[in-house]
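Scroll down for the structure; my scribbles are underneath it.
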Amino acid sequence: DVLPVSQVIPFSTLNSNRIIMKTFFLLCATAMLMIATPAFAGDCEVCIKVIDDVRENMTKTESKDKPSIEAALGKYCKKKDNGPRERKICYYIDPIKRDVAHPISLGMPSKKVCERMNKSNPEICTVKFPVKTEKMEKKDIKKLRVKQLKAILADRGVECNGCLEKDEFIAMVQATEHLASIDEL
């Protein structure tokens, strides 16, 4: 059976519908990828720093040898000038040095090494550097999220009882500026 001319869809309409469908599919796929992959803007920042520092203190041949990497991790973690966050990562890494040394010996990027360790110990990527507020103006502090403001207050050992609005948290962060740890400055 042949369709009457009035029911035939013009070729240009079919083509534009295909383009719209492809665009829609591409946008959906991109959105799904963004949801599926975690955002690593600040995640694992201390772990990445520790791994980078360990790599920095090793020669190229040592960076391929697992026992040398384990020794370098041990040496780094015994340093007295490590901050509290670096010491915490060392605490997490110490029992699994061998598991950490393998991906490093293969040349895996620090971020990937930390992501892999995070699968076995999810606390590794929760260690973060404090947000420095000393030289921030009020307009810059206002850009922080409430979660970040709460974290700053928690680092200072302060609770903001009765704080409901973001402005109240901002005021408390500014009022407790003198409690900022030496680490933070």
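The values are calculated or read from the model by the stated rules, or taken from the named source; none is laboratory data. All figures in this text were calculated on a predicted structure; none of them were measured in a lab. Here Cβ is always computed from backbone atoms with ideal geometry, including for glycine, and neighbour counts include all displayed protein chains. Heavy atoms of the whole protein, side chains included, go into the accessibility calculation; ligands, DNA and RNA do not. Shrake-Rupley method; radii C 1.70, N 1.55, O 1.52, S 1.80 Å.
Based on the Cβ-Cβ distance from Met108 to Ala151, what FRET efficiency comes out when R0 is 41 Å, to the nearest 0.05?
Working from the Cβ atoms, E equals 0.90.
Test of understanding: express the Cα radius of gyration of region 80-155 as a ratio to 2.2 N^0.38 Å, with N the residue count.
1.40
With the cut-off at 29 Å, tell me which of the pairs Lys80/Lys111; Lys49/Lys166; Lys111/Lys166 have Cα atoms farther apart than that.
Where the Cα-Cα span goes over 29 Å, the pairs concerned are Lys49/Lys166; Lys111/Lys166.
Given a 1.4 Å probe, how much area per residue of region 50-116 is accessible, in Å²? List each step's numbers first, then the result.
Numbers: 4050 Å² over 67 residues.
On a per-residue basis, region 50-116 sits at 61 Å².
What length, rounded to one decimal in nm, is gained on full extension from Asp99 through to Lys166, with 0.36 nm per residue of separation minus their alpha-carbon distance?
Between Asp99 and Lys166, full extension yields 19.9 nm more.
With a bin width of 10 angstrom, please list the P(r) values of region 39-118 as percents of all Cα-Cα pairs, from the 0 bin to the one holding the largest distance.
Spelled out per bin, shortest first, that is 19, 58, 22, 1.
Of all the accessible heavy-atom surface of region 40-171, with the other protein chains kept in place and a 1.4 Å probe, what percent is carbon and sulfur?
Using a 1.4 Å probe with all protein chains present, region 40-171 comes out at 50 percent carbon and sulfur.
If I model a spin label at Lys75 and Glu137 as a point 7 Å from the Cα along the Cα→Cβ vector, what separation in nanometres do I get?
My value for the distance between the label points is 4.6 nm.
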